[in-house]
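Novice: My structure is below; once you've seen it, I'll send some questions.
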Amino acid sequence: MIYVAGVADKARERIKVSGMRCAGCAARIEDALREMEGVIDAKVNFASSIAVVEYDPSAVSVKEIDDRIRSLGYDVVLEKLELMVGELHCVSCALGLERSLLMFRGIREVRVDPVGGRVRVVYNPLEVSPREIKRIIMDLGYEVREGEVLGEERPEEKELSLYRKLLFLSIMLTIPVTFFTYFWVDLPLLSREFLLFLLATPVEVVCGFPFFYGMVRGIRHGQLTMDTLVAVGTGAAYVYSTAKTFIPVLPGEVFFDAAVLLITFILMGRFLEAKARGKTSEAIRRLAELQVKTARVLRDGREVEVPIEEVKRGDLVIVRPGERVPLDGVVVEGESWVDESMITGEPMPVGKKPGDEVIGGTINRYGVLKVKVTRVGDETVLAQIMRVVEGAMTTKPRVQKIADRFAAYFVQIIIAVATFASLFWLFIVDPAQFGWTGARILFALMVGISTLVIACPCALGLATPTAVMVGLGKGAESGILIRKGEALEVAGKLTTVVFDKTGTLTIGRPEVVDFVLLDGVDISEEEVLRIAAVVEKNSNHPIGDAIVRFAESKGVMAEGDAEEFEVLPGLGVIAKLSGNRVVIGNRRIFEKEEINLDGVKGKLESLEKRARTTVVMAVNGRPVAIFGIADKIKEPAVEAINALRKMGIRVVMLTGDDRKTAEAIAKELGIEEVIAEVLPQEKSMKIRELQERGEVVAMVGDGINDAPALVQADLGIAIGSGTDIAIESGDIILIRDDLRDVINAIELSRATMRKIKQNLAWAVCYNLFFVPFAAGLFFPILHFLIRPEFAGLAMSMSSVSVVSNSLTLRRWRPPLSPSNRS
């Protein structure tokens, strides 16, 4: 038996609790819950980790009980269910479904995406099962689409097909109804009214069925939706006209044409809206289409083509030129260029060799690759991207929550306005005094019908989700994953962006950034680098590795082996190579070896002022070269910071480095404000201090040691590395390790919010103007009344215009993408 909130004075909930270490933990939770107002009793079983709570639903909510348990340092075990649901015709349906589901015990949170037909439910698995949730949804009159994979099927295809057929039938019958209304030809044994009745009835009964069904379903569950307005409006026109046909003494004329044109125009609007809504999720479908169905796996030395579900972690797969990489993995054999643009947004193919990672869904362009699978199923990058994007689609920015609250009461308000307007013109003011020549009841009826059908809660409800869906899709195409709809809103209000230094502004490892070949040296630069690389390749030290990488970048390989190799910890290395004694290290090793550095002191001090770690190399007691080592600044960093400053956003660098080093790097980057010598656990406190000064702060980091700061910031932007996107701390995840995407993410968010504001402005202005117009407010001045059929057309076009405006966001291009720079 499922308890429905509000139907009893006492409720009982079983809650799975994690994090208990002993019976004392259970007792602590019991005591804390029993102290809560509204909790009648609480019992916690440590062995089963289940709390049984009896409470008064009118005094305390289950969410408050959950929050109390969490405040004690424990967690409540909840599960998520995502479904594709049909028959969501409008935003009122979505809001009604949300409210209805939340009435059932065990359901904690519901998010309904009316555009994509997605429903996400957070529930208590001890109280309600996925099967029961599906049954509840179906009992509410909606269709649960079994067997559909989110992002794979087009849920609106069935709806489109239905509307296409109904629209065709409606047009075929509406044309003769309209013709015979205005151009009557006398027919034997058949009156004009009766012929119009015969032609209009199939339109009303068959083509109008979805609206009447939606109205009945809504009323059965205590909901008034857009279908209610349409059904009442067109039904009133049809019923009055039918009554006039069979009872000729009734005042006025039949207006079957209004009834059938109304249904035709609204069906046309629904058809165009459904078609346009389908385009808003195109980017998500394109991602889904990247999923490979089969893979060529090596089994017992032979290539076997198997379904992708049968591929296991550790399997070796063969990827030929032109084929998609089936799953994430590491290249073990072969070299090629791989097109990753569909995942990372990087326009140029990326070179791959043994040891390099490849991403499932990307295209192998040239050579044959043997790949060892490292991720399967939901672990793959592609699956994670789709999960992030689809999850974000069911979140709501604050502006949408405000619009939803208004939309929840919109239908009731319109019904009240339409009823008042009809009664006003029927009993209080006679329209004849302003030039109306027809029957008074006909005027009142037309006013009521037009007011009902011209009102458009759908435009208001679609304003945000359609723009958000297109924006999220564009972000996914560009390597920008927006995890929460709220992030779009915050990004448009940013005043400060704080960058973590190590691994974010810099590459996170020491590199040779300056190389000085000293004057008067009779050894070539190439030979100096070769000697340094041969000596350092066995040092197992980050600085030694940096020197080896620098030599390799210049085309010099560490060929040969050093003799009498010795490491002096904290100083450097000494070795012999081809009979020459080589010393590489800091100043102290040269003091120990009594090698004079006076001749290079000026060059050393110059490099050290620029925050370089200096390493000197001497051959046979004579200094020959200086290496300037630093954590190298990422190439796009300066461009990104300059772009932020042009946008009027303050830039701050946050680092644990000493102030001298931090300020030298900040100077190179063009950052004027530095917060240095900060421990990892103190970073979130520094973010809070900025927020207390009134700043809206974004924190940009790698999501590892700066995770608390990412969470504290108003907007956390986590930088991934192509294959690592499971960064839970970030509100926005950048798949590419490219700081220009910070600007792209902000610009995309601003562009999306502009569309949302345009849509909302249009929806509000439309209703504020057209509803009073339809109610006859301006009739005494203009002597003009909107007929119901044209009111229906206006309503349909208002929804279509909102969706179409959102679709223009598909033309958005990242302002700082590599392709734009070339």
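Novice: Among the residues of the stretch 53-67, write down those that are touching a residue at least 12 places away in the same chain (Cβ under 8 Å), open to solvent by less than 80 Å² (accessible area, probe 1.4 Å) and not aliphatic (A, V, I, L, M). Lay out the reasoning, then the answer.
Specialist: Narrowing the stretch 53-67 to residues touching a residue at least 12 places away in the same chain (Cβ under 8 Å): 53-60, 62-66.
Now narrow it down to the ones that are open to solvent by less than 80 Å² (accessible area, probe 1.4 Å): 53-57, 59-60, 62, 65-66.
Hits for the stretch 53-67 are Glu54, Tyr55, Asp56, Pro57, Asp66.
Novice: Checking Leu298 against (1) in contact with an Asp or Glu (Cβ under 8 Å, 6 or more places away or on another chain); (2) crowded, with 21+ Cβ neighbours inside 10 Å, which single condition isn't satisfied?
Specialist: (2)
Novice: List the helices (runs of 4 or more DSSP H) inside the stretch 599-682, counting only whole elements, that have at least 2 residues being farther than 26 Å from Arg581 by Cβ and among the small types (Gly, Ala, Ser). Can you show your working first?
Specialist: Values: elements: 601-609, 637-646, 659-669.
Result: 637-646, 659-669.
Novice: Also, I was wondering about something else. Test Thr419 against the stated conditions and say whether it is open to solvent by 30 Å² or more (accessible area, probe 1.4 Å), of a type in the set (Ser, Thr, Tyr) and under 30 Å from Glu253 (Cβ atoms). Outline the logic, then answer.
Specialist: Details: open to solvent by 30 Å² or more (accessible area, probe 1.4 Å): yes; of a type in the set (Ser, Thr, Tyr): yes; under 30 Å from Glu253 (Cβ atoms): yes.
So Thr419 passes the test.
Novice: Please specify each residue of the stretch 760-811 satisfying the condition of being open to solvent by less than 40 Å² (accessible area, probe 1.4 Å), aliphatic (A, V, I, L, M), within 16 Å of Leu229 (Cα to Cα) and assigned to a helix (DSSP H, G or I).
Specialist: Val771, Ala774, Ala791, Ala794, Met795
Novice: Also, I was wondering about something else. How many residues does the stretch 99-110 contain that are at pLDDT 85 or above and within 25 Å of the chain's Cα centre (by Cα)?
Specialist: The number of residues fulfilling the criteria is 6.
Novice: Going by the conditions given, is Thr234 more than 35 Å from the chain's Cα centre (by Cα) and polar (S, T, N, Q)? Talk me through it step by step, then tell me what you get.
Specialist: Working: more than 35 Å from the chain's Cα centre (by Cα): yes; polar (S, T, N, Q): yes.
So Thr234 fits the description; yes.
Novice: Quick test of your reading of the structure: Thr451 fulfils all but one of (1) under 22 Å from Ala258 (Cβ atoms); (2) polar (S, T, N, Q); (3) open to solvent by 10 Å² or more (accessible area, probe 1.4 Å). Name the failing condition by number.
Specialist: Here Thr451 clears every test but (3).
Novice: Within the stretch 254-264, can one find any residue that is of a type outside the set (Lys, Arg) and surrounded by fewer than 21 Cβ atoms within 10 Å (Cβ to Cβ)? Before you say what the answer is, go through the steps one by one.
Specialist: Initially, the stretch 254-264 is screened for residues of a type outside the set (Lys, Arg), giving 254-264.
If we keep only those that are surrounded by fewer than 21 Cβ atoms within 10 Å (Cβ to Cβ) as well, we get none.
No; the residues of the stretch 254-264 include none that is of a type outside the set (Lys, Arg) and surrounded by fewer than 21 Cβ atoms within 10 Å (Cβ to Cβ).
Novice: For residues in the stretch 341-373 being at pLDDT 80 or above and open to solvent by 50 Å² or more (accessible area, probe 1.4 Å), which is nearest to Thr464 (Cα to Cα)?
Specialist: Start the filter on the stretch 341-373 by keeping residues that are at pLDDT 80 or above, which leaves 349-373.
Filter once more, so that each one left must be open to solvent by 50 Å² or more (accessible area, probe 1.4 Å): 353-355, 357, 365-366, 368, 372.
Values: Lys353: 45, Pro354: 46, Gly355: 44, Glu357: 38, Arg365: 39, Tyr366: 43, Val368: 46, Lys372: 43 Å.
That would be Glu357.
Novice: Take Val330 and decide whether it is touching a residue at least 24 places away in the same chain (Cβ under 8 Å) and crowded, with 20+ Cβ neighbours inside 10 Å.
Specialist: Numbers: touching a residue at least 24 places away in the same chain (Cβ under 8 Å): yes; crowded, with 20+ Cβ neighbours inside 10 Å: no.
No.
Novice: Collect the residues in the stretch 232-253 that are closer than 15 Å to Pro788 by Cα, touching a Ser or Thr at 6+ places or on another chain (Cβ under 9 Å) and open to solvent by 10 Å² or more (accessible area, probe 1.4 Å), keeping them in residue-number order. Can you show your working first?
Specialist: The initial filter retains those residues of the stretch 232-253 that are closer than 15 Å to Pro788 by Cα, namely 232-241, 253.
Pick out the ones that are also touching a Ser or Thr at 6+ places or on another chain (Cβ under 9 Å) and you get 233, 238, 253.
Of everything in the stretch 232-253, those that are closer than 15 Å to Pro788 by Cα, touching a Ser or Thr at 6+ places or on another chain (Cβ under 9 Å) and open to solvent by 10 Å² or more (accessible area, probe 1.4 Å) turn out to be Tyr238, Glu253.
Novice: Could you tell me whether any residue of the stretch 567-576 is open to solvent by 60 Å² or more (accessible area, probe 1.4 Å), touching a residue at least 24 places away in the same chain (Cβ under 8 Å), under 24 Å from Ile719 (Cβ atoms) and touching a strand residue (DSSP E or B) at 6+ places or on another chain (Cβ under 7 Å)?
Specialist: No; the residues of the stretch 567-576 include none that is open to solvent by 60 Å² or more (accessible area, probe 1.4 Å), touching a residue at least 24 places away in the same chain (Cβ under 8 Å), under 24 Å from Ile719 (Cβ atoms) and touching a strand residue (DSSP E or B) at 6+ places or on another chain (Cβ under 7 Å).
Novice: Yes or no: the stretch 584-592 includes at least one residue that is open to solvent by less than 20 Å² (accessible area, probe 1.4 Å), of a type in the set (A, V, I, L, M, F, W, C), modelled with pLDDT of 90 or more and assigned to a strand (DSSP E or B).
Specialist: Pass one, the stretch 584-592, residues open to solvent by less than 20 Å² (accessible area, probe 1.4 Å): 584-585, 589-590.
Then keep just the ones that are of a type in the set (A, V, I, L, M, F, W, C); that gives 584, 589-590.
Retained after the next criterion (residues that are modelled with pLDDT of 90 or more): 584.
With the extra rule that they be assigned to a strand (DSSP E or B), the set shrinks to 584.
Yes, the conditions are met somewhere in the stretch 584-592.
Novice: Just name the residue that is modelled with the lowest pLDDT out of those in the stretch 216-231 that are of a type in the set (A, V, I, L, M) and under 19 Å from Pro788 (Cα atoms).
Specialist: Among those residues, the one meeting the criterion is Met226.
Novice: Moving on. Can you work out which of the residues in the stretch 638-663 that are open to solvent by less than 20 Å² (accessible area, probe 1.4 Å) and out of contact with any Leu (no Cβ under 7 Å at 6 or more places or on another chain) is farthest from Lys603 (Cα to Cα)?
Specialist: Leu644
Novice: Tell me which residues, restricted to the stretch 669-685, are without any contact (Cβ under 8 Å) to a residue 40 or more places away in the chain, at negative phi and not β-branched (Val, Ile, Thr).
Specialist: Matches in the stretch 669-685: Glu672, Glu673, Ala676, Leu679, Pro680, Gln681, Glu682, Ser684, Met685.
Novice: Taking Leu445 as the residue in question, decide whether it is within 30 Å of Val802 (Cα to Cα), touching a residue at least 60 places away in the same chain (Cβ under 8 Å) and under 22 Å from the mean Cα position of the chain (by Cα). Can you show your working first?
Specialist: Values: within 30 Å of Val802 (Cα to Cα): yes; touching a residue at least 60 places away in the same chain (Cβ under 8 Å): yes; under 22 Å from the mean Cα position of the chain (by Cα): no.
Here the answer is no, as Leu445 does not meet what is asked.
Novice: Do we find a residue being closer than 17 Å to Thr506 by Cα, modelled with pLDDT of 85 or more and in a loop (DSSP other than H, G, I, E, B) anywhere in the stretch 739-748? Let's see the steps before the verdict.
Specialist: If we filter the stretch 739-748 for residues that are closer than 17 Å to Thr506 by Cα, which is where we start, we get 739-742.
Adding the requirement that they be modelled with pLDDT of 85 or more leaves 739-742.
In the following step, the residues that additionally are in a loop (DSSP other than H, G, I, E, B) were identified as 739.
Yes - at least one qualifying residue is present in the stretch 739-748.
Novice: Which of the following residues is surrounded by fewer than 17 Cβ atoms within 10 Å (Cβ to Cβ) and at pLDDT 85 or above: Glu677, Glu673, Glu635, Glu682?
Specialist: Working: Glu677 fails: at pLDDT 85 or above; Glu635 fails: at pLDDT 85 or above; Glu682 fails: at pLDDT 85 or above.
Exactly one of Glu677, Glu673, Glu635, Glu682 is surrounded by fewer than 17 Cβ atoms within 10 Å (Cβ to Cβ) and at pLDDT 85 or above, namely Glu673.
Novice: Within the stretch 333-349, how many residues turn out to be without any contact (Cβ under 8 Å) to a residue 40 or more places away in the chain and polar (S, T, N, Q)? Steps first, answer last, please.
Specialist: Taking the stretch 333-349 and keeping what is without any contact (Cβ under 8 Å) to a residue 40 or more places away in the chain, we get 333-339, 341, 349.
Within this subset, residues satisfying the condition of being polar (S, T, N, Q) are 336, 341.
Qualifying residue count, the stretch 333-349: 2.
Novice: Another one. Quick one: in the stretch 350-378, which of the residues that are touching a residue at least 40 places away in the same chain (Cβ under 8 Å), more than 31 Å from the chain's Cα centre (by Cα) and not in a strand (DSSP E or B) is nearest to Glu303 (Cα to Cα)?
Specialist: Only one residue tops the list, namely Val368.
Novice: Another question, if that's okay. With respect to Met617, is the statement that it is out of contact with any His (no Cβ under 8 Å at 6 or more places or on another chain), crowded, with 21+ Cβ neighbours inside 10 Å, in contact (Cβ under 8 Å) with a residue 40 or more places away in the chain and under 26 Å from Val573 (Cα atoms) true? Before you say what the answer is, go through the steps one by one.
Specialist: On the way: out of contact with any His (no Cβ under 8 Å at 6 or more places or on another chain): yes; crowded, with 21+ Cβ neighbours inside 10 Å: yes; in contact (Cβ under 8 Å) with a residue 40 or more places away in the chain: yes; under 26 Å from Val573 (Cα atoms): yes.
Judged against the criteria, Met617 is a match.
Novice: Okay, moving on. Please pick out the residue among Arg754, Arg740, Arg787 that is of a type in the set (Lys, Arg) and in contact with a Gly (Cβ under 9 Å, 6 or more places away or on another chain).
Specialist: Values: Arg740 fails: in contact with a Gly (Cβ under 9 Å, 6 or more places away or on another chain); Arg787 fails: in contact with a Gly (Cβ under 9 Å, 6 or more places away or on another chain).
Testing whether each residue is of a type in the set (Lys, Arg) and in contact with a Gly (Cβ under 9 Å, 6 or more places away or on another chain) leaves just Arg754.
Novice: I've got another one for you. Please determine, by comparing only the residues of the stretch 42-64 that are within 17 Å of Ala27 (Cβ to Cβ) and not in a strand (DSSP E or B), which one is modelled with the highest pLDDT. Walk me through how you get there before you give the answer.
Specialist: Quick first cut of the stretch 42-64, residues within 17 Å of Ala27 (Cβ to Cβ) only: 42-53.
Checking the rest, the ones that are also not in a strand (DSSP E or B) come to 46-49.
Details: Phe46: 65, Ala47: 62, Ser48: 66, Ser49: 77.
By that ranking, first place goes to Ser49.
Novice: Give me the pairs: first residue in the stretch 203-221 and within 26 Å of Ile171 (Cβ to Cβ), second residue charged (D, E, K, R) and in a helix (DSSP H, G or I), beta-carbon distance under 8 Å, and six or more apart or on different chains, which are they?
Specialist: Pro210/Asp227; Phe211/Asp227; Phe212/Asp227; Tyr213/Asp227; Gly214/Asp227; Met215/Asp227
The values are calculated or read from the model by the stated rules, or taken from the named source; none is laboratory data. Predicted model only: the values in this text are computed from it and were never measured. Virtual Cβ from ideal backbone geometry, glycine too; neighbours counted across all protein chains shown. All accessible areas refer to the heavy atoms of the entire protein, side chains included, with ligands and DNA or RNA removed. Shrake-Rupley method; radii C 1.70, N 1.55, O 1.52, S 1.80 Å.
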